[in-house]
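**Student:** Have a look at this one before I ask anything.
The values are calculated or read from the model by the stated rules, or taken from the named source; none is laboratory data. All values reported here derive from a predicted model rather than from experimental measurement. Don't worry about glycine lacking a Cβ; one is built from the backbone with ideal geometry, like all the others, and counts go over all protein chains shown. Remember, those area values only see protein heavy atoms, side chains included, never the ligands or the DNA or RNA. Shrake-Rupley method; radii C 1.70, N 1.55, O 1.52, S 1.80 Å.
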Amino acid sequence: MNRSLKLGVNIDHVATLRQARGTLYPDPLEAAKVCAKAGAVSITAHLREDRRHIQDADIYRLSKACPLPLNLEMANAEEIIRIALDVKPAEICLVPEKRQELTTEGGLDVIKNFQALEETVSRLQDNGSVVSLFVEPDPKTLEACAKTGARVVELHTGSFCDATDPAKAEMLLKKLIGGAQCAHDLGLQVNAGHGINLANIAGILKMPHLDTLNIGHSIIARAVFHGLENAVREMIAAMSEYKA
Ligand code: PXP
């Protein structure tokens, strides 16, 4: 079957820019509307325990007004689970979370945390959200994912995307390709994400059975330059009203 690959846009860093100044702008909901207009199929927002970018109010606003299905990225933490149960986003991606990390480092250890994850997956799926587990492309981990009852896995593409040594990148891509095949054989929907940009996407496209790619930082970073010219022109136009 030939299906097109879907893009989910992670809008966390729109909120990062807003939190840097404590302003009301830029607004993640406005960003979601632009992403919808441009052809994205879902919006991801990560409600971190430290609330460094996305805030609780963003999640409630997105859940009510986002024109696309919301994929709530979150840790397996009771405080956040309660919010997820209240909001009932279409999708939830469970990720590991460390306070000091710059971004999500590594996938979930599903084997070690099996019981806790199985319980959370069932609470969230019984509540109507489809749950995805963010994991490394390791066959034993993927088998454990299937056993939790989760319907989706998101394969962590970060190590491949960040690899600068071509031989290492090739080895990591082979693992991603094997992981995608393994997850598909286990009956799981295969998503992928982390670190994907225009320079490395050709490798990612070699992975079989992909449903959705979740991409954030590189899209928001490129938007600075693709939108900067307009932003400067708009400000100059507004300034042209000045009469000395
Ligand atoms: N998927 C998951 C599970 C993530 O944690 C992240 C980063 O928040 C992304 C996708 C998007 O990664 P990036 O911002 O590097 O595109």
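**Student:** Using only the alpha-carbon atoms, how far is helix 166-185 inclined from the longest principal axis of the chain? Give it as 0 to 90 degrees, nearest 10.
**Tutor:** 70
**Student:** Of all the accessible heavy-atom surface of the chain, with the other protein chains kept in place and a 1.4 Å probe, what percent is carbon and sulfur?
**Tutor:** On the way: 7400 of 13110 Å².
It is 56 percent, rounded to a whole number.
**Student:** Net charge near Thr120, counting Lys/Arg +1 and Asp/Glu -1 over other residues with Cβ under 13 Å of its Cβ? Please list the in-between numbers first.
**Tutor:** On the way: positive: Arg82, Arg123; negative: Glu78, Glu79, Glu118, Glu119, Asp126.
Value of the local net charge: -3.
**Student:** Additional query: Of the peptides 121-129, 229-237, how do they stack up when ordered by the mean number of other Cβ atoms within 10 Å, highest first? Present the calculation step by step, with values, prior to reporting the outcome.
**Tutor:** On the way: 121-129: 16.6, 229-237: 9.7.
The most tightly packed comes first, giving 121-129, 229-237.
**Student:** Let me ask another. So how much slack lies between Val34 and Lys88, counting 0.36 nm per residue of separation and subtracting their Cα-Cα distance, in nm? Kindly include the intermediate steps, with their values, before the conclusion.
**Tutor:** Values: separation 54, 0.36 × 54 = 19.44 nm, distance 2.30 nm.
Difference between extended and current length: 17.1 nm.
**Student:** Determine, for each peptide in 199-206, 30-37, the mean count of other beta carbons within 10 angstrom over its residues, then list the peptides with the highest first. Before the final figure, lay out each step's value.
**Tutor:** Values: 199-206: 14.0, 30-37: 17.4.
The peptides rank, most packed first, as 30-37, 199-206.
**Student:** Could you give the length gained on full extension between Ala116 and His226, defined as 0.36 nm per residue of separation minus the Cα-Cα distance, in nm? If you can, show how the numbers build up before the last one.
**Tutor:** On the way: separation 110, 0.36 × 110 = 39.60 nm, distance 4.32 nm.
Answer, rounded to one decimal: 35.3 nm.
**Student:** Would you mind getting the accessible area per residue of the chain, heavy atoms of the protein chains only, 1.4 Å probe, in Å²?
**Tutor:** Working: 13110 Å² over 244 residues.
Using a 1.4 Å probe on heavy atoms only, each residue of the chain averages 54 Å².
**Student:** Between Leu24 and Lys243, what's the calculated FRET efficiency when r is the beta-carbon distance and R0 is 22 Å? Round to 0.05. Don't jump to the answer; show the numbers that get you there.
**Tutor:** Values: r = 30 Å, r/R0 = 1.35.
So the FRET efficiency works out to roughly 0.15.
**Student:** Can you tell me the orientation of helix 78-87 relative to the chain, as the angle in degrees between its alpha-carbon axis and the longest Cα principal axis, to the nearest 10?
**Tutor:** So the helix axis and the longest Cα principal axis differ by about 70 degrees.
**Student:** Using a 7 Å offset from the Cα along the Cα-to-Cβ direction at both Leu205 and Lys175, what is the distance between the two label points in nm, to one decimal?
**Tutor:** My value for the distance between the label points is 2.5 nm.
**Student:** Relative to the longest principal axis of the C-alpha atoms of the chain, give the angle of the C-alpha long axis of helix 114-126, reported between 0 and 90° and rounded to the nearest 10°.
**Tutor:** Long axis of 114-126 versus the principal axis of the chain: about 60 degrees.
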